[in-house]
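So the structure is just underneath, and the comments pick up after that.
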Amino acid sequence: MSFWSRIVNVVRSDRLSREIDEELASHIAEAVRQGRDPAEARRAFGSSLRQRERSRDVRVAVWLDSIRADAVFGWRQLAKRKVLSAAAILSLGIAIGACTGAFRLIDALLLRPLPVAAPERLYDLSRRVASVVVKPNTYDAWAYPDFRLMRAAVKGQAELIAVSYAGRVDLTYKSDAEMEKAYLQYVSGWMFQAFGLRPAVGRLLSETDDLMPRARPFAVLSHDYWTRRFGQDPKVVGRTFRMGDDVYEIAGVVAGPFTGTEAGTMTDVFVPTMMNPFVTRDDATWFRTLASVNPGVPLEPLRQKLDSTSRAFETERAKGFTGMSRANRERFVNQVLLMEPAAAGASGLQQDYRHALQALAVLVALVLWIACANVANLLTAQAAARSREMALRVSIGAGRWRLVQLVLIESAWLGFLAAAAGACFAWWSAPFVVSRINPPDNPARIALPADWRVLEFALGLTLAVTLLFGLVPALRASAVRPASALRGGSDPHARKRLMNGIVAVQVAFCFLVIYVAGLFAATFDRLSHKPVGFSTARILALDTVAPRPQPAFYWDQVAEHLRRLPGVEDAALAGWALPGGNSWNGFVSINGAPPGPVLVYFLPVSPGWLDTMKMRLIDGRDFRPDDTTPGSAIVNETFASQFFPGQNPIGQFYARGPNRFQIVGVAADAPYRNIREAIPPVALVPFHSRNQDGSLQPSREETFLVRTARLNPLTMAGLLRHEVSAFQPAFRVSNIRTQEELVEAQTVRERLLAMLALFFASVALLLSAVGLYGVLDYSVLRRQREIGIRRAIGARSTGIARLVTANVFSMMLVGAVTGLGAGIAAARYVESLLYQVKATEWSVLALPALTILVAALVAALPAVIRAIHIDPAKMLRSE
């Protein structure tokens, strides 16, 4: 009989059995027709059951049939123990789903290669520069003249590609009143060819589009944007849109899933780098440089050639830095070029979340192990209850491997049902986490395909989990001794030691997860309650743009109009809102001395900005309407203590390049870029800036800060947006955010880590409690007779409780001490994710200790109650 027929017969098992029975009956009937006695014919034929089994073994694949039979039996066992099975499936499902969801995130952000030709040969060029702080600073921004020199230097060895940081821009396909936002990147015209990309419609950018500044305003759309915005309309080619003063023609659409080189941002529009206004400036760094290295080219000589080219460029440029100190100039020139693998692209989101995702992956893995240990303990207890069944199977000829197979297939049922439940959790959880990575007004957009990579991971994880929690119970079950088990004399202590050991490991991992969750929660709590130096309540930030620079008094008129509106307490102007807006910095000189090594940050603000923000003016005065830049300045406390220690800074001067400023006031410290950073020296300068001819410089985009009288300032957002455009038609509000949102956006990562860590800590605690309950319940079940005898001779309830829980609680103590040591060691690994939290703080240490203690008492209570209510007479009669 063919192999395929034997496989098919396994599936049609019942029909095959009937056919065999009919064949056996026909043989006996034939013997009777030949004159033999029916009883004698049956005796001569032998056992019908044995003949059926022999015939069946010939016609089916025996190994597959045994698996089928064990699968049917395993399913019946699960259905028989519905509550236990549901608890195991749910706990494993959450853990498997969390692991799969974490893998989807990590894969999409850090591992998945870009959909381009030879992504493994892509490298991101960055520079490491010595800093006045402890750690060197690494950044990957470049100036275009430097890029051109480096590209020429490595021609034939690698192709360099300029790719700007993806940013949200305002563009319109119709009138200014119909502005919309899109993510845009300036890219080298030869990028598409170097990446092996093809157009879906039209054509892609080429090198001829990227030769002369502002010469060829063409754009290419991503396939995703083309689908969402235009419904894949092929007539989009040739249409135009306006961005600022430039009108772009759509040349084509790139085919496939390519949406840029920044993981976490899906670029909608690509335009040539030559259209960027900073393309000719050697002092503006605004894009990343990707290197596509040719096959066989060694990396180190290539890096050294790029490094020497860039260093020569910076050395020549530094000759014009007359206001820079020698130390700063040397630090600036002596930068080291680095080449980092960029198969998955390069983005700030990767840098911000790489360490956080790694920590999250470790927490998820620990929860998975706790779930596996929990189910293993439950299955071990179940195996003890089935020891007589296993002994009978051995007695009638079952081999050890067959018993292992039986238990493993039951475990596989649990594993794959849990994987199905986990798939639902992973499908929901990964997008949920992504939605909370960035602030609501600028959400992260990460492709999370459920493709073969995710499927392979999920299947491999399910198989590993099945072996992890099923192998030990299977081996224990297969090692049963029939004579001892049938007499009821199997050794319970070995199983108890194994289960207690698993409890200790569970508690250690649970302590570690809760401890790390406490560190993240404490970090978020301290960051979210950190004073910011001004009042965030009831303030709206209105980012306002104009199609072309507008005179300074237009901005003043709009601010004054907003102040007169009902429901508005005050309004002021600033270059951007704090914290986390733009950054303007430089080195300053004090009293004619050379510029120092400390960077100073600047912010242009209008008179009254301090009052609008309710920022304390410590000394001096506010700006007056006639104050301009350069001229007056208000510095913060850090600036005063850094440059004028022990002196009164009022009336003192500082210079930045040729511009000289007199300090007229000192304001309270406030975060500038990030609330995690130490407060830098900050100088507030007048909003109005004068050109060299003395005229006021016009401005194209600024931010109105409006303090409202309403508790929820967003109720006035629509009115304010309308009033800005109605009063000055050239102005348009492109974005509105509350000041509270701006501050909360600084803690997005910490909030996300705290939320996820506390969730996994809760799951770990619940699983550990269930596992502890299972062990204690098993202990009481196995020691019922002993407890009954102790009760009969007068043992107190407290003694019985101590008898039941002493061993388990001692193992918990061992696990807690081990978890504490592991937690303190882990705190060093996640140190970069913490803020002003010490690993040995009492509050951090108390959280896992108290929660595990409470969970243990709750889990032990049912077993203790059951033990102290055992009826001694009934136990003795049962023997």
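With every protein chain in place, what's the accessible area of Phe653 (1.4 Å probe, Å², nearest 10)?
My reading of the accessible area for Phe653 is about 60 Å².
Can you list residues whose amide H is under 5 Å from Arg690's amide H, if they're 5+ apart or on another chain and H is modeled 1.01 Å from N?
Here Thr629, Gln697 satisfy the definition.
Return the sequence-ordered ³J(HN,Hα) values of segment 505-513 in whole Hz as given by the Karplus equation 6.51 cos²θ - 1.76 cosθ + 1.60 applied to θ = phi - 60°, using x for Gly and Pro.
Taking θ as phi minus 60°, the curve returns 5, 4, 5, 4, 5, 5, 4, 5, 5 Hz for segment 505-513.
Using θ = phi - 60° and the Karplus curve 6.51 cos²θ - 1.76 cosθ + 1.60, what whole-Hz ³J(HN,Hα) does each residue of segment 274-290 get, with Gly and Pro shown as x?
For segment 274-290, the Karplus curve yields 5, 8, 7, x, 9, 5, 9, 8, 8, 10, 10, 10, 9, 8, 8, 10, 9 Hz.
Want the number for Thr172 to Asp37: 0.36 nm per residue separation, take away the alpha-carbon distance, what's left?
Difference between extended and current length: 38.6 nm.
What is the calculated FRET efficiency for Arg203 to Ala537, with r their C-beta to C-beta distance and R₀ = 51 Å, to the nearest 0.05?
FRET efficiency, Arg203 to Ala537: 0.45.
For Glu316 and Leu338, what does the FRET efficiency come to when R0 = 25 Å and r is the distance between their Cβ atoms, rounded to the nearest 0.05?
0.70
By how many nm would the segment from Leu853 to His529 lengthen if fully extended, with 0.36 nm per residue of separation less the alpha-carbon distance?
113.7 nm
How many nm is it between the label spots at Asp451 and Cys424, if each spot is 7 Å from the Cα in line with the beta carbon?
The answer from the label model is 2.8 nm.
How charged is the neighbourhood of Asp611? Take every other residue with its Cβ under 14 Å from the Cβ of Asp611, and add Lys/Arg as +1 and Asp/Glu as -1.
Summing Lys and Arg as +1 and Asp and Glu as -1 gives +4.
So what does log10 I(q)/I(0) come out to for segment 612-701 at q = 0.23 Å⁻¹, using the Debye formula with one equal point on every Cα and no solvent?
-1.22
Dividing the alpha-carbon Rg of segment 208-345 by 2.2 N^0.38 Å yields what?
For segment 208-345, the normalised Cα radius of gyration comes out at 1.36.
In nanometres, what is the gap between the two model label sites at Leu498 and Ser583, each 7 Å from Cα along Cα-to-Cβ?
5.7 nm
On full extension of the chain, what length is gained from Glu677 through Leu861, given 0.36 nm per residue of separation minus the C-alpha to C-alpha distance?
Taking 0.36 nm per residue and subtracting the Cα distance, the gain is 61.4 nm.
If you count only protein heavy atoms and use a 1.4 Å probe, how large is the accessible surface of Cys424, to the nearest 10 Å²?
Counting only protein heavy atoms, Cys424 exposes about 90 Å² to solvent.
Taking θ = phi - 60°, what integer Hz values does the Karplus form 6.51 cos²θ - 1.76 cosθ + 1.60 yield along segment 539-548, in sequence order, with x for Gly and Pro?
10, 10, 9, 9, 6, 10, 10, 9, x, 8
What fraction, in whole percent, of alpha-carbon pairs in segment 535-583 exceed 18 Å separation?
On the way: 447 of 1176 pairs.
The answer is 38 percent, as a whole percent.
From Cα coordinates alone, what are the radius of gyration and Dmax values for segment 736-778 in angstrom?
Gyration radius and largest Cα-Cα distance of segment 736-778: 18.3, 61 Å.
Among the listed pairs Lys614/Lys838; Lys174/Lys235; Lys181/Lys614, give every one whose C-alpha distance is greater than 24 Å.
The pairs that break the limit, which is 24 Å between Cα atoms, are Lys614/Lys838; Lys181/Lys614.
Report the label-to-label distance for Asn648 and Gln232 in nanometres (one decimal), using points 7 Å from each Cα along the Cα→Cβ vector.
7.5 nm
For a paramagnetic label modelled at 7 Å from the Cα of Glu744 toward its Cβ, which residues of segment 687-714 fall within the zone defined by backbone nitrogen distances under 20 Å?
705-714
Can you compute the FRET efficiency between Lys181 and Asp871 using 1/(1 + (r/R0)^6), with r the Cβ-Cβ distance and R0 = 56 Å? Round to the nearest 0.05.
Efficiency, from the Cβ-Cβ distance: 0.15.
The values are calculated or read from the model by the stated rules, or taken from the named source; none is laboratory data. As the structure is a prediction and not an experimental result, all values here were calculated from the model. Using ideal geometry, Cβ is built from the backbone for each residue, glycine included, and neighbour counts are taken over all protein chains shown. Side chains included, ligands, DNA and RNA excluded: accessible areas come from the protein's heavy atoms. Shrake-Rupley method; radii C 1.70, N 1.55, O 1.52, S 1.80 Å.
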